[in-house]
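J.: Structure below; questions to follow.
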Amino acid sequence: MKIMLIGFGLVGQGLLQLLHDKAESLQAEQGFTPKIVAVATGSRGILYHPDGLSIPALLAAKGNPAAYKLDAERDFASALELIQCKEADVVIEVTPTNLENPAKATAHCQAAIASKKHLITANKGPIAKHYNELMSAAKSAGVEIRFEATVMAGTPCIAMGRELLSGAKIHEARGIVNGTTNYILTQMESGLSYESALKQAQELGYAETDPTADVEGWDAAAKVLILLAAFFGKQAQLSDLSVTGITGISQADIENAKAAGERYKLIASVSPEGGSVKPMRLPLSDPLAQVSGATNAISFNTDVMGNISLIGKGAGAGETGFALLADLLTIHRKLF
Ligand code: HSE
């Protein structure tokens, strides 16, 4: 399977590390032999080799194509040109998320589909804003789009709602889908200040490049748009959602909730009627109240199966890289 990696940040490197560490078992157990034919960045250059770049050398380059020590073609005007003119089976779009203006990332996705390459993305912007358009283009082109990494990282909530529960009616799904805010709320409950907790979340790599998107609820809101599209085929806009983040919650609020046997959680909800993001005081008996740190969770309320909950890691380079690997393997099973 020939793969182009568009974006060479921590998530892309997380995937490469998994491909490196698991190379033998993926080959032996699933006949999966990935070749990374290209790696592209916005401002630090592009690498291409039709026979595949060396994964150890890419890992050693730590996100900087200029530090890749082996032979490669480097002479491309842009990632877009690379996608349009070189061959690959799959494009993985992992450029930084920009929720307000995902035009560049969306153009990468459109170019992948138009050139009949399967698309996997961890980028929330294009899926949140252009799901219907991308899906219909992919259908006409006969290619797959997978986006497990966009919500709850490698904890498979998209596959669960979209595929495994496709025979059930999902009445509603409620979740903790932002690791940064859950980490901050958990640390504040242990007495840490908001500022120190946010700084830790940034150092641990959970927060977005601009953490305002996390703490004001916009990252969770983008995930709500993705879940509405994935579970209910409903394309909504951020302006359709009611969104409140955690910046209005004080240390005193947290202490008061604690004294009453409750916990603040930033809850994202989706149903066929729409979605919302808001902080809620949950009793400790609520399973979502027990989810701490950067852990994410989602509870589906369904017709046939009642409630089904999924709890797991929702942020981090390796964890998000794992979602990309899961999507690669799903495409590999279907097509190779
Ligand atoms: N900033 C996000 C979070 C990363 O904290 O959950 C994963 O999408």
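J.: Give the angle, between 0 and 90 degrees and rounded to the nearest 10, that separates the Cα long axis of helix 194-203 from the longest principal axis of the Cα atoms of the chain.
T.: That helix lies at roughly 20 degrees to the long axis.
J.: Which percent of the Cα-Cα distances in the stretch 144-273 go past 24 Å?
T.: Percent of Cα pairs beyond 24 Å in the stretch 144-273: 34.
J.: Please state the Cα pair-distance histogram of the chain with 10 angstrom bins from zero: what percent is in each bin?
T.: In order of increasing distance, the bins hold 6, 26, 33, 23, 10, 2, 0 percent.
J.: While we're here: What do you get for the angle between helix 317-335 and the principal long axis of the chain? Use alpha-carbon atoms, 0 to 90 degrees, nearest ten.
T.: The answer is roughly 60 degrees.
J.: What 222 nm value per residue comes from the helices of the chain, counting each DSSP H run with n ≥ 4 as -39,500 (n - 2.57) and dividing by all residues, nearest 500 deg cm²/dmol?
T.: Details: 12 runs with 132 residues, N = 336.
Taken over the chain, the calculation gives -12000 deg cm²/dmol.
J.: Can you flag which of Lys35/Lys313; Lys35/Lys62; Lys139/Lys234; Lys35/Lys117; Lys22/Lys104 are past 24 Å Cα-Cα?
T.: Lys35/Lys313; Lys22/Lys104
J.: When only Cα pairs under 8 Å and 6 or more residues apart are kept, what is the percent relative contact order across the stretch 249-336?
T.: 16
J.: Using only alpha carbon pairs under 8 Å that are at least six residues apart, calculate the relative contact order of the stretch 182-336 and give it in whole percent.
T.: Computed value for the stretch 182-336: 21 percent relative contact order.
Rule-based calculations on the coordinates, nothing more; no lab input. Since the structure is predicted, the reported quantities are computational estimates derived from the model, not experimental observations.
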